[in-house]
Amino acid sequence: MQQSNLEIERKFLVKSSAFKTEAFKNTKIVQGFLSTNKKRTVRVRLKGEQGFLTIKGASSKNGLSRFEWEKEISKLEAEDLLKLCKKGIIDKIRYEIKVENHIFEVDEFFGENEGLIVAEVELQAEDEAFTKPDWLGEEVTGNIKYYNSQLSSKPFTTWKK
């Protein structure tokens, strides 16, 4: 399946583990980056038993939207491409939580990003209203240090607290 679209999302820190009891699904994700150029990132992802190749364009000035193209590839192809990725493989579990009409994707990171938990919600429009669950913390939309492409080269555990 091939898709081409504009991704609109908001990103938040998570302040408690309460989201885990509300999740209807969780999936292990391993991903790496072939390119982390600011104008385009090329990501290889293993999501459970599925592989994906994703290209993302530069973010809008407010950080809410950017072009995203994704194609499903075989698990074997993804495993092979992960060997070519830059240093700093991302290891996380993604929890999916339905909150009214939206699905929040909460990523709990491991390895060099242990301790970081980030939630994203995809929207149809930049000004779309949505309900914020109690476990949602500070908004970090547009803060590039929370982009997975940045976490691969500047992991959370190396940040000065």
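The values are calculated or read from the model by the stated rules, or taken from the named source; none is laboratory data. None of these values were measured; they are calculated from a predicted model. Cβ placement follows ideal geometry from the backbone for every residue including glycine, while neighbour counts extend to all protein chains displayed. SASA here: full protein model, heavy atoms, side chains in, ligands and nucleic acids out. Shrake-Rupley method; radii C 1.70, N 1.55, O 1.52, S 1.80 Å.
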Q: May I ask you to list the residues in region 15-37 that are assigned to a strand (DSSP E or B) and more than 15 Å from residue 96 (Cβ to Cβ)?
A: 30, 31, 32, 33, 34, 35, 36, 37
**Q.** Selection count, region 27-41, where residues are within 20 Å of residue 143 (Cα to Cα) and either more than 13 Å from the chain's Cα centre (by Cα) or open to solvent by 30 Å² or more (accessible area, probe 1.4 Å) (or both)
**A.** 6
Q. Pick from region 42-55 the residues that are in contact (Cβ under 8 Å) with a residue 40 or more places away in the chain and open to solvent by less than 40 Å² (accessible area, probe 1.4 Å): which of them is nearest to residue 28 (Cα to Cα)?
A. 44
Q) How about region 50-161: which strands (runs of 3 or more DSSP E) wholly inside it have at least 3 residues that are within 14 Å of the chain's Cα centre (by Cα)? A) 50-57, 65-73, 90-99, 102-109, 117-122
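Residues are listed down the side, and each one gets a yes or a no for (1) modelled with pLDDT of 95 or more; (2) surrounded by 13 or more Cβ atoms within 10 Å (Cβ to Cβ):
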position: 62; (1), (2): no, no
position: 68; (1), (2): no, yes
position: 73; (1), (2): yes, yes
position: 79; (1), (2): yes, yes
position: 85; (1), (2): yes, yes
position: 93; (1), (2): yes, yes
position: 117; (1), (2): yes, yes
position: 121; (1), (2): yes, yes
Q) Which residues, taken from region 124-140, are modelled with pLDDT of 95 or more and under 21 Å from residue 58 (Cβ atoms)? A) 139, 140
**Q.** Meets criteria (modelled with pLDDT under 95, small (Gly, Ala, Ser) and open to solvent by 20 Å² or more (accessible area, probe 1.4 Å)) for residue 58
**A.** yes
